[in-house]
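No value in this document is a laboratory result; all are computed from the given coordinates. Bear in mind the structure is a predicted one, so any value in this text is a computation, not a measurement. Here the Cβ is made from the backbone with ideal geometry for all residues, glycine too, and neighbour counts use every protein chain on show.
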Amino acid sequence: MSSKPFNAFQMAQAQFDKVADMLGLDEASKSLLRHPMREYHFSLPVRMDDGTVQVFRGFRVQHNDARGPGKGGIRFHPQETIDTVRALAMWMTWKCAVVNIPLGGSKGGVICEPHNLSTIEQERLCRQWVRQIARDIGPVRDVPAPDVMTSAQHMLWMLDEFEQIHGGKYPGVITGKPVGMGGSLGRTEATGYGVVFTIREALKELNIRPQDTIAAVQGFGNVAQHAIELYEQIGGKVISVSSWSQADQQAYTFVRKDGIDLHGLRKITDRFGGIDKAKAADSGYQVLPGNTWIEQDVDILIPAALENSVTGDNVTKISKQVKLMAEGANGPTTPEADHVLKERGVFVIPDFLANAGGVTCSYLEQVQSNMNYYWEKDEVLGKLDVMMTSAFVDVSNLASKRKLYMRDAAYMIAIARVAQACGDRGWV
Ligand code: NAD
């Protein structure tokens, strides 16, 4: 057996190659799209609090901007690699295209461990990152956002540095800013609500009323909590959630057959989405091992915690009752498990469609920032609903017309749109 390390970029390219063949893309388009258009590698000298200078490595990868300015987060992570950033930039291109927003795909990163940096060291690192790339990002070029271990505060420091350099106000250069400082209302809810907009449409297609369904959710963080909130509003019942216990270093599943109490659970959950096990047991929840969320007798599964949760090992434990799975998390299903779900005929809403509410709302933030005029929350969420619904309908129409698995249909739409834009511009 080969022990080759997992390489996200090779995986992204393999996915692309498969769909490019299904689409019959020409060689020039394939060659253009299977690599980033531009990438920047830079050194970031940062003065530390003890007076020494530490040099960090940073990246920005602009995969494709044929459909509009690049969009994608910046991660601070000790194990960051250029290939991870390349893969994530490519996935951003497809995600923006599948929801049909006029943006391309980018991603950035810095190899660092933010837990070991003081607040002021993090601020210097953010400002240094912007100084290296200030001429190659911007509201009409490439628009960063928060990602793993970067926050609204990091975005604000980056915005400030960009504005110092360019001598003007450019709130549209970056998204994920705090509300009141160029951020958008509705961003907190956007990803979880977006998941439910797609579930609602899928249920219509399956001819099932939301009020006749029950669901199990993996995770109880930002995406999971907001997905549960809206799913309950449209009539669904959640009987199981799960979360990671920092104290016990393991996950637990919390089950209440007559339906969980979202409001009550939120009160006993920390800011990382960890549910207090003892208090949950006192409130009438069965506390089970973390991986049992997947075995519940439900109609809908919503993995909304982390990648590689639905695997070859546990996919066979999924109840026969399950008809629909909406991937709130990024990459929750391994290729092996995906194959089983496809064979079983489970309706899977793929991650880059189901959880695209976040990037769609970032686009709406950018639009508001460029106008310097901000909408009420209902207006933002209303536009989000229209855009997510329309994206879902495009993908499911193609899936039914060509008898395709939803994931393949979503990739085909996204890649075809980007290839078309490159062709229309005369690039290929
Ligand atoms: P979060 O940190 O707010 O919540 C994560 C939740 O998962 C927590 O409740 C945590 O306890 C739980 N968890 C962690 N490990 C677990 C395990 N082994 N078993 C069960 N539960 C576990 O994160 P989030 O923002 O809700 O993101 C969740 C997923 O959605 C991630 O894959 C993320 O990349 C993806 N996503 C998030 C957004 C967004 O806007 N927040 C957008 C697109 C995709």
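Mind grabbing the base-10 log of I(q)/I(0) for the chain at q = 0.07 Å⁻¹? Debye formula, identical points on the C-alpha positions, no solvent, two decimal places.
Values, matching the q order: -0.34.
For the chain, give me the percentage of DSSP beta bridges that are antiparallel, rounded to the nearest 5 percent.
55
Treating the beta-carbon of each Lys and Arg as +1 and of each Asp and Glu as -1, no other charges, what is the dipole magnitude of the chain about its Cα centre, to the nearest 20 debye? Walk me through the numbers before you get to the answer.
Details: 46 positive and 49 negative charges, 129 e Å.
It comes to approximately 620 debye.
Cβ under 14 Å from Glu189's Cβ, Glu189 left aside: what net charge do those residues give with Lys, Arg +1 and Asp, Glu -1?
-3
For q values of 0.18, 0.19 Å⁻¹, compute log₁₀ I(q)/I(0) with the Debye formula on a Cα-only model of segment 1-115, without solvent.
For the requested q values the scattering log ratios are -0.93, -0.99.
In what sequence do Val99, Val148, Val195 fall when counting other Cβ within 10 Å, fewest first? Provide the component values of the computation, followed by the final result.
On the way: Val99 26, Val148 13, Val195 33.
Listed from fewest to most nearby Cβ atoms, that is Val148, Val99, Val195.
Among rounded, prolate and oblate, which fits segment 216-314 when a ≥ b ≥ c are the square roots of the eigenvalues of its C-alpha gyration tensor, a/c under 1.5 means rounded, and a/b larger than b/c means prolate?
rounded
Of the listed pairs Lys204/Lys317; Lys169/Lys383; Lys71/Lys320; Lys30/Lys317; Lys383/Lys403; Lys237/Lys317, which have alpha-carbon separations greater than 32 Å here?
Lys71/Lys320; Lys30/Lys317
For Asp142, list long-range residues whose amide hydrogen, built 1.01 Å from N in the peptide plane, is under 5 Å from its own amide hydrogen.
Gly70
Just round it to a whole percent: the fraction of Cα-Cα distances in segment 362-428 exceeding 21 Å.
48
Using Cα positions and a limit of under 15 Å, work out the aspartates and glutamates in reach of Lys277, with same-chain residues fewer than 8 apart set aside.
Lys277 reaches Asp248, Asp261.
Mind checking which of Thr191, Thr175, Ile165 is farthest towards the positive end of segment 165-212's charge dipole, using Cβ charges of +1 (Lys, Arg) and -1 (Asp, Glu) about the Cα centre?
The residue sitting farthest along the positive end of the dipole is Ile165.
Counting only other residues whose beta carbon sits under 11 Å from that of Asn355, what net charge do I get with K and R as +1, D and E as -1?
The answer is -1.
Cross-link partners among aspartates and glutamates for Lys177, C-alpha distance below 18 Å, same-chain residues fewer than 8 apart left out?
Lys177 reaches Glu123, Asp142, Asp147, Asp160, Glu161, Glu163, Glu189, Glu365, Glu376.
Of the options Ser240, Thr269, Val287, report the single residue whose Cα projects farthest towards the positive end of the charge dipole of segment 235-303 (beta-carbon charges: Lys, Arg +1; Asp, Glu -1).
Of Ser240, Thr269, Val287, it is Thr269.
With n ≥ 4 as the cut-off for DSSP H runs, can you work out [θ] at 222 nm for the chain, using -39500 (n - 2.57) per run divided by the number of residues, rounded to the nearest 500? Show your work: numbers first, answer last.
Details: 14 runs with 188 residues, N = 428.
The helix-only estimate for the chain comes to -14000 deg cm²/dmol at 222 nm.
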